[in-house]
Amino acid sequence: MKVCIIGAGAAGCFCAIEIKRRRPDAVVVIYEAGPAPLAKVAVTGGGRCNFTNSFAQVSSLKEVYPRGEAVMKRALKLFSQQDCMDWFLKEGVPCVVQEDQCVFPKSQDAMQIVHTLERLMSELGVRVVTNSRVSDIRKFLEDGCKVVFTAGGGQIRPLDGLGINCIPPVPSLFTFRINDGGLTSLMGNVVEHTRLSIPGTAFKAEGTLLVTDWGISGPATLKLSSYAARYLADNAYRAPLIINWLGEGEESAREWIGSAMNEDRGRQLASVHPGGITSRLWKHILHKAGLSEDRRWSELGKKGTNRLACALTADPYSIEGRCRFKEEFVSCGGVALEEVNLSTLECRKIPGLYFAGEILDIDAVTGGFNLQAAWSTAMTVALNIG
């Protein structure tokens, strides 16, 4: 059996290894457009490689896979996050699970993952051809090769003319540019429990928010960018945004305000603020509520309470563009999932053509879920190709 794999990323290299393990007689060649394999793996997670997640805090796959939940449900049954950790441990890569359930090599070095995969490919006889951009896969199919397409969603040109429905890729993990001087002057502020939403839509996300000199970043922002990726692209990355600084409902905010009014009556508004919100951010929130910092809590009144509760839980801003996430880049789009057999990931229209990794319209929020999708879909192909 001859197998041609397009793309030497996580999915392509992992798939090649597992195919050769099951079919030692197979001739497996990976074609990579760039100068080296696994380039993105080398820099993911800030160079530490967040290669999976424990999923311990995941209540629904839809929560972490906005697109591709059905495929991932099947793929994870074949090769789960625990299988992934066990696989790398067997190859000499012990892992650590962080408090946020992100999984890293114990060495905290992404190159340990890269070198492990490169070593295995070399030992098994997988040939990697770099600086080789494939423009047409038909010649491989005509020569009787099995083809596994794993290149990123932005590299779909080799599929042109095959009648395969490909969804145009757009970014799905990015930070938000917000042109609000009062907010951006607070760069460096971190709020652990926030809730972000785009009014008029169902898109919302919870988690830690980081204020930057261009707007906002952090897990909550990246989650929302993933959930709303297609919507934001269609609207030129312009949209209203609501920040709930407490991550709780208005009733909870009013309870806290009422407590402050009773227990800190004689103190100034600026001197008492909710836990998790810095003094600088609190003054910004008071300003957004139209309240003077030196006003006494006993003088807040009903109108002041309403304005403050609103500023805490429904603080309005405008997204004025996106910024590329500095550590990794993920896109949504690629081969539409109705084009593949969900159990094998073989193309329904073209026998012998398989898809895995980024080329599929599967993407996830940050936290190791995208790499787990690469491993699991690659294993699905390796188990079913033939």
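Couple of notes before you dig in:
- Normalised by the number of residues in segment 1-127, the mean separation of alpha-carbon contacts (under 8 Å, six or more apart) gives a relative contact order of 33 percent.
- Projecting the Cα atoms of GLY125, SER80, LEU300 onto the charge dipole of the chain (Cβ charges, centred on the Cα centre) puts GLY125 farthest toward the positive pole.
- Low-density loop positions, GluC sites (Glu not before Pro), segment 46-126 - DSSP coil, at most 15 other Cβ in 10 Å: GLU91, GLU99
- Interatomic Cα distance distribution for segment 1-66, bins of 5 angstrom, percent: 4, 14, 18, 16, 17, 15, 11, 5, 1
- Cα gyration tensor shape of segment 28-108, rounded if a/c is under 1.5, else prolate or oblate by comparing a/b with b/c: oblate
- Within a Gaussian network of the chain (alpha carbon springs, distance under 10 Å), most fluctuating of LEU89, LEU360, LEU342: LEU89
- Label zone at LEU383 (point 7 Å along Cα-to-Cβ), backbone N below 13 Å, segment 74-91: 74-84
- Protection proxy ranking of 37-50, 241-254 - average other beta-carbon atoms within 10 Å, highest first: 37-50, 241-254
- Two-decimal log10 I(q)/I(0) for the chain, as the Debye equation yields it once each C-alpha is a single scatterer, q = 0.14, 0.15 Å⁻¹: -1.11, -1.23
- An oblate overall shape is assigned to segment 89-213, the ratio a/c of its alpha-carbon gyration tensor axes (a ≥ b ≥ c) being 1.5 or greater and a/b not exceeding b/c.
- Distance from segment 201-263 to segment 73-149 (C-alpha centre basis), Å: 35
- Our summary gives segment 143-253 a relative contact order of 27 percent, counting only alpha carbon pairs under 8 angstrom and 6 or more residues apart.
- Relative protection proxy for 104-114, 225-235, 22-32, from highest mean packing down: 225-235, 104-114, 22-32 (other beta-carbon atoms within 10 angstrom).
- Simple spin-label estimate for GLU250 and LEU89 gives 5.0 nm between the two label positions (7 Å along the Cα-to-Cβ direction from each Cα).
- When both bridge partners sit in the chain, DSSP labels roughly 70% of those beta bridges antiparallel.
- Computing FRET efficiency as 1/(1 + (r/R0)^6) for SER259 and ALA336, where r is the C-beta to C-beta distance and R0 is 45 Å, gives about 0.30.
- Probe 1.4 Å, accessible area per residue of the chain, Å²: 43
- Share of alpha-carbon pairs per 10 Å distance bin for segment 269-386, given as whole %: 11, 27, 14, 13, 15, 13, 6, 1
- Charge dipole of segment 4-44 (Cα centre as origin; +1 on each Lys and Arg Cβ, -1 on each Asp and Glu Cβ, all else neutral): 120 debye, rounded to the nearest 20.
- When the solvent-accessible area of the chain is split by element, carbon and sulfur atoms take up 49 percent of it, the probe being 1.4 Å.
- Extension gain (nm, one decimal) between ASN131 and MET187, 0.36 nm per residue minus Cα-Cα: 16.1 nm
- Of the residues SER252, THR201, ASN189, the one whose Cα sits farthest towards the positive end of the charge dipole of segment 179-258 is THR201 (charges of +1 on Lys and Arg Cβ, -1 on Asp and Glu Cβ, taken about the Cα centre).
The values are calculated or read from the model by the stated rules, or taken from the named source; none is laboratory data. Since this is a predicted model, take the numbers as computed values, not measurements. Counting neighbours? That spans all protein chains shown, and the Cβs are built from the backbone with ideal geometry, glycine included. In case anyone asks, the SASA skips ligands and DNA or RNA and just uses the protein heavy atoms, side chains included. Shrake-Rupley method; radii C 1.70, N 1.55, O 1.52, S 1.80 Å.
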